[in-house]
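Asks: This is the structure I want to talk about, given as structure tokens.
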Amino acid sequence: MARIAVIGSGFFGLYLAEYLTLKGHTVSVFEKEAESMSHASYHNQARVHNGYHYPRSVLTAFRSRVSFPRFVAEFPEAVYRAFDQYYLVGRKLSKVTAHQFASFCQRIGAPLERAPENFQRLVDEHYIEESFKVHEYAFDATILRDLMLKRLAQLPTKIAYNTEIIRVRGGGAKHRDHALALLTSDQAALSPDMVDGFDHVFNCTYSRLNYLLAQSQLELIPLKHEFTELCLVTVPEPLRHIGITVMCGPFFSVMPFPAVRHAGQPLHSFSHVRYTPHYEWYERDHCPVDPYAVLAQDPKHTAWPYIRRDAARYLPLLDQTQYHSSLWEIKTVLPRSESDDSRPILFRTNVGLKGLHCVMGGKIDNVYDVLAAVERELQL
Ligand SMILES: Cc1cc2nc3c(=O)[nH]c(=O)nc-3n(C[C@H](O)[C@H](O)[C@H](O)COP(=O)(O)OP(=O)(O)OC[C@H]3O[C@@H](n4cnc5c(N)ncnc54)[C@H](O)[C@@H]3O)c2cc1C
């Protein structure tokens with residue numbers, strides 16, 4: 001059995017740690033923050049993807065169709081279903097037509113029906129070609145985190161909070177070839193045997209994947225980062241139990257965000273393809289900055305007025321939406337996702353050091369693909 005370190009306790013780190021512990025390995029998780037799932041696993045749109053979002057990447061759509069029922073069955077308490085989800089097809093600037101979208105849904109076997117009249121009446125048909133009711137949910141990241149921590153509490157997995165891993169290095173333990181050692185932010189707080197002698201180390205730090213590789217003086221993985229803003233809002237009453245996504249171009253999504261409630265009801269998250277990413281940068285051969293430093297230092301001027309103005313052209317009622325606050329996060333994607341909006345996993349083994357593996361999922365339910373890759377490529 002192996003000694004394994006997992007760096008990062010976002011959803012991917014927690015899920016992988018549980019999986020590896022259940023396989024009989026000795027697993028330690030190291031988390032920079034005081035709690036789990038406080039970065040991308042919380043600051044996201046909370047959509048449990050069921051394929052509809054990816055008409056330009058049939059593979060991602062198919063994978064979502066497979067993962068959706070599995071995620072919903074595994075975490076029913078975290079899945080929020082008390083709303084109707086609508087996908088609308090834009091008339092101008094859209095990369096798909098309503099006919100193409102309907103054919104695509106048929107191809108991936110995703111149920112679709114024309115939106116009812118009472119919904120159609122809310123939509124400006126100069127801008128929207130067609131509105132469809134679909135089968136998709138949201139997840140509550142806080143409940144998801146608590147479920148994962150409860151499951152891990154039954155296991156011998158150790159989680160060290162407030163522990164940033166600064167560097168991974170080879171040639172760690174005295175008596176073992178290839179063992180890996182970790183340098184932590186507060187070396188004194190952990191005994192040497194807690195941070196040394198690992199057979200495998202999984203880098204599950206998402207936007208900081210390369211930052212850790214750079215600090216470990218290892219080659220980087222090409223990644224693209226976006227500094228993103230998700231607005232949390234109260235929608236007008238007729239839209240309270242509704243989610244809306246306009247496909248497929250410079251449009252918007254608004255859907256319940258179950259982890260934050262106001263007067264007993266979830267707020268909605270509001271994103272816009274043009275305004276949610278405030279700016280972006282690439283890491284190719286060097287890692288110019290720590291993404292979390294960018295997050296901390298940005299003055300965070302909201303783009304809400306632009307988002308509201310644009311979205312209200314499609315559904316005039318959205319003009320009455322009340323802004324509450326914003327979630328800010330660094331979104332990290334593979335550069336190739338730019339062209340087709342796909343969300344594959346990144347899984348690289350032995351990245352510069354034998355036993356150091358990098359894991360990144362473009363969406364929450366990709367975690368199942370990560371486990372399949374671990375099983376296939378590492379046989380752990
Ligand atoms: C704006 C936005 C919208 C999104 N919308 C959706 C959506 O609707 N549906 C969906 O399924 N997915 C969505 N995603 C993607 C989803 O959020 C990610 O795929 C997922 O959260 C990644 O989880 P993770 O565990 O890899 O990363 P994270 O949750 O970011 O976890 C990384 C962890 O590593 C820790 N860490 C970092 N560096 C170190 C270090 N050196 N030492 C120790 N710990 C460290 C961090 O503190 C953090 O806890 C969205 C993402 C964003 C940003």
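Asks: Being on the phi < 0 side of the Ramachandran plot, part of a strand (DSSP E or B) and not hydroxyl-bearing (Ser, Thr, Tyr), is that true of even one residue in segment 282-301?
Replies: Keep residues of segment 282-301 that are on the phi < 0 side of the Ramachandran plot, which gives 282-299, 301.
Still in the running and part of a strand (DSSP E or B): 282-283.
Now restrict to residues that are not hydroxyl-bearing (Ser, Thr, Tyr): 283.
For segment 282-301, residues on the phi < 0 side of the Ramachandran plot, part of a strand (DSSP E or B) and not hydroxyl-bearing (Ser, Thr, Tyr): present.
Asks: Name, by its number, the condition in (1) open to solvent by 70 Å² or more (accessible area, probe 1.4 Å); (2) near the ligand (Cβ under 10 Å from one of its atoms) that does not hold for residue 238.
Replies: (2)
Asks: Now for a separate question. Within segment 77-168, which strands (runs of 3 or more DSSP E) (wholly inside it) include 1 or more residues that are more than 14 Å from the ligand (Cβ to nearest atom) and over 30 Å from residue 24 (Cα atoms)?
Replies: Numbers: elements: 84-90, 112-114, 128-134, 137-139, 158-160.
Answer list for segment 77-168: 84-90, 112-114, 128-134.
Asks: Further question: From the list 317, 220, which residue is open to solvent by 20 Å² or more (accessible area, probe 1.4 Å), away from the ligand (no atom under 12 Å from the Cβ), in contact with a Pro (Cβ under 7 Å, 6 or more places away or on another chain) and of a type in the set (A, V, I, L, M, F, W, C)?
Replies: Values: 220 fails: in contact with a Pro (Cβ under 7 Å, 6 or more places away or on another chain).
Testing whether each residue is open to solvent by 20 Å² or more (accessible area, probe 1.4 Å), away from the ligand (no atom under 12 Å from the Cβ), in contact with a Pro (Cβ under 7 Å, 6 or more places away or on another chain) and of a type in the set (A, V, I, L, M, F, W, C) leaves just 317.
Asks: Picking from 40, 73, which residue would you name as being open to solvent by 20 Å² or more (accessible area, probe 1.4 Å), among the small types (Gly, Ala, Ser) and over 20 Å from residue 372 (Cα atoms)? Quick ask: steps written out before the conclusion?
Replies: Values: 73 fails: over 20 Å from residue 372 (Cα atoms).
It is 40.
Asks: Taking only segment 53-66 into account, find how many residues are part of a loop (DSSP other than H, G, I, E, B), buried (at least 23 other Cβ atoms within 10 Å of the Cβ) and more than 12 Å from the ligand (Cβ to nearest atom).
Replies: 1
Asks: I need every pair where a residue in segment 73-95 that is among the acidic types (Asp, Glu) has its Cβ under 7 Å from the Cβ of a residue that is open to solvent by less than 40 Å² (accessible area, probe 1.4 Å), sequence separation at least 6 or different chains.
Replies: 77/147; 84/242
Asks: A further question follows. Please determine whether any residue of segment 79-89 is assigned by TED's automatic domain parsing to the domain that holds residue 295 and within 18 Å of the chain's Cα centre (by Cα). Lay out the reasoning, then the answer.
Replies: The first filter runs over segment 79-89 and keeps only residues assigned by TED's automatic domain parsing to the domain that holds residue 295, leaving 79-89.
Keeping just the survivors that are within 18 Å of the chain's Cα centre (by Cα) gives 79-80.
Yes - at least one qualifying residue is present in segment 79-89.
The values are calculated or read from the model by the stated rules, or taken from the named source; none is laboratory data. Predicted model only: the values in this text are computed from it and were never measured. Cβ coordinates were reconstructed from backbone atoms using ideal geometry, including for glycine residues, and neighbour counts include every protein chain displayed. Keep in mind that these areas ignore ligands, DNA and RNA; they rest on the heavy atoms of the full protein, side chains included. Shrake-Rupley method; radii C 1.70, N 1.55, O 1.52, S 1.80 Å.
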